[in-house]
Structure formats: structure tokens, C-alpha cells
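Visitor: Please read through the structure below; I'll follow up with questions.
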Amino acid sequence: MAEMINLTINGKKVQAPRGKTVLEAATDADIYIPTLCYHPALEPEGTCRLCIVEVSGSLRKGIRVSCIQEVKEGLVVETETEEINKHRRLLLELFLGRSPDSPYLIDLAARHGVTSSRFLTGESNDCVLCGRCVRVCRDEIGAYALCFVNRGPDRKVTTDFERLSEYCIGCGSCAQVCPTGAIQVQDRGNERKISTWGQVFAKFKLERCDHCGTPFAPAKYLELINKKAYQPKGLELVDYICPECFKNRDRASEKRKASALRSSVVKWSVPR
Ligand code: SF4
Ligand code: FES
């Protein structure tokens, strides 16, 4: 079992396993710290700086990024000091300057008292450059279809040479982890298109479910599932089942199990 570390967050005594981050320890203790680039399924990179906190005690007093700062014995953390709130409001204003129409960002900023921005660029893009899409595609899926290009105000997420990606497998994980909805996955008929910044960066033909006939997933994505989930167990994905049929099959098998259990209870119950 992992060694437990004692620390204090906003005056509350908290314990967390060694290796956890301050953000994880705070979240487990129901203490809110705002985040943007953090996602629990991804390795944190600490790029947006929204999760900054003030530390003291076992670390030199100062500001740290809580999603990459590991817990330490005797650490004292404050998540809402005047200075921290001032930095956060400035960051939110900067993000809002770039994405003034993003409902996600508008809500997040309002939660911290920021309702307008001095840094409006005259353009509006829902992408806040958090990098979650690039990381999930690179680190979790292993497809390396997305990357950042350019610097400063021209920085954006795109594909190699900004062309239709030959590496994308059409899984849509980028859209799932995007906090602002800046990546769209559109399924029409048997075609899937994935786009961001107004650019379609991948197109796929969807394979049909062997049970209901609905087009549901690109072949490249199903190949990845076969490679990652089936082959390591010595199995092969031979029939394609869409998530809906999969759920129904599970429900049917649960029902079968429940009715088998009921009949065995009836069979073995002793009459009074
Ligand atoms: S598209 Fe979404 S996930 Fe990717 S960098 Fe922009 S906001 Fe983050
Ligand atoms: S959430 Fe920690 S730096 Fe972005």
C-alpha cells in the first residue's frame, strides 16, 4: 500500500498517497481548484497555469502549479489567496480574449468574477490551446495525428501540413477530452468527418454494425481496438457490434443471469 502523506489545504488536514499531485489531493478532499489543460485520463503538462496555488511549510513559500506538484509531508497549500485570485483572473481574461464566445470559458471565467476581457483579438475561436487533444492522440491513442503549429497569436492545433490526416484513426478521443467543444465529430450516413478551426482534418467511411446495420465506427479505429483490447488476450475482433447493440446484449445477458438466479433461489428455497 502507498505511503500516506499529510498536508494541509485551506486549513483542512488532508492525507494523500505519495506520488499524488496537490490537485488530486484537493479534488479527493472536495476542495475546488480550477483547471483547463488538466484531464484525469492524461499525463498533466501544467501549461494553462489556472490551477496555481500558494505553498509553504515543507516547500519554500511560493506559487506552484498544482496539477504537476506532488504532495509532500507537511506541505501547506492555499488555493484562493488574493495573489492567486489576481493571477487567475488575468489568465482567464487572456483566455477569454481569444475565445470570447466559448460557453465553457464564459462560465469558468464568470465563476471567478471575470465577465469581460481587455485582450480581445477581434477574432473568436473556441480552442483555448490547452493541448488535451494533442496529448490524448499522441500519448493514449498513439496516432500522433494532431500537433501545434506557429507561435503567439497564430498558434493553433492542426494536422501535418494542415492536410487531411493519414494518421488519424477517427476515434474522436480528441473531441471527448476537449473542454470547449472546439473539435467536432460529425457522422452523416456512413461518413465521419472530424474538424477544428473550420478545417476538416479527417474523413472516414463508417463500418456497419453486424447486428443492427447502423454505420458506427471507422475501420482504423476498430483495428486499434482489436490490437489493444483483444489481441493481448489472444482474441480477435471478428464481428462489429455498435455501442447500442453492445449495451442491449449486456442487458439481455444480465436479465438471463438474474432470471437464472431467481429460478435457482426458488429451486433451493426451503418451504416453511
Ligand atoms: S481543440 Fe480543444 S482540446 Fe485541443 S487545444 Fe483546443 S481547446 Fe484544447
Ligand atoms: S490545469 Fe494545471 S496547469 Fe492547466
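The values are calculated or read from the model by the stated rules, or taken from the named source; none is laboratory data. From a predicted model like this one, the values you see are computed outputs, not experimental measurements. Here the Cβ positions follow ideal geometry from the backbone for every residue, glycine too, while neighbour counts run over all protein chains shown.
Visitor: Among (1) in contact (Cβ under 8 Å) with a residue 60 or more places away in the chain; (2) within 15 Å of ligand 2 (Cβ to nearest atom), where does Ser102 come up short?
Guide: (2)
Visitor: Is it the case that Ala143 is modelled with pLDDT of 95 or more and in contact with a helix residue (DSSP H, G or I) (Cβ under 7 Å, 6 or more places away or on another chain)?
Guide: In short, yes.
Visitor: I've got another one for you. Looking at Ile31, Ile63, can you tell me which residue is within 30 Å of Gln176 (Cβ to Cβ) and away from ligand 1 (no atom under 16 Å from the Cβ)?
Guide: Exactly one residue qualifies, and that residue is Ile31.
Visitor: Another question about this same structure. Can we say Arg249 is part of a helix (DSSP H, G or I), more than 29 Å from the chain's Cα centre (by Cα) and either exposed (fewer than 15 other Cβ atoms within 10 Å of the Cβ) or modelled with pLDDT of 85 or more (or both)?
Guide: It is false that Arg249 is part of a helix (DSSP H, G or I), more than 29 Å from the chain's Cα centre (by Cα) and either exposed (fewer than 15 other Cβ atoms within 10 Å of the Cβ) or modelled with pLDDT of 85 or more (or both).
Visitor: What's the number of the condition Leu91 fails, among (1) part of a helix (DSSP H, G or I); (2) more than 29 Å from Gly172 (Cβ to Cβ); (3) of a type outside the set (Phe, Trp, Tyr)?
Guide: Condition not satisfied by Leu91: (2).
Visitor: Have a look at Ser56, Ser66, Ser117 and point out the one that is among the small types (Gly, Ala, Ser) and over 30 Å from Ala2 (Cβ atoms).
Guide: After applying the criteria, what remains is Ser117.
Visitor: Okay, moving on. Being in contact with a strand residue (DSSP E or B) (Cβ under 9 Å, 6 or more places away or on another chain), in contact (Cβ under 8 Å) with a residue 12 or more places away in the chain and surrounded by fewer than 20 Cβ atoms within 10 Å (Cβ to Cβ) is the filter here; which residues of the stretch 178-198 pass it?
Guide: Residues satisfying the conditions are Gln184, Val185, Asp187, Gly189, Asn190, Glu191, Ser195, Trp197.
Visitor: Quick check: is even one residue across the stretch 185-197 of a type in the set (Gly, Ala, Ser) and away from ligand 2 (no atom under 16 Å from the Cβ)?
Guide: yes
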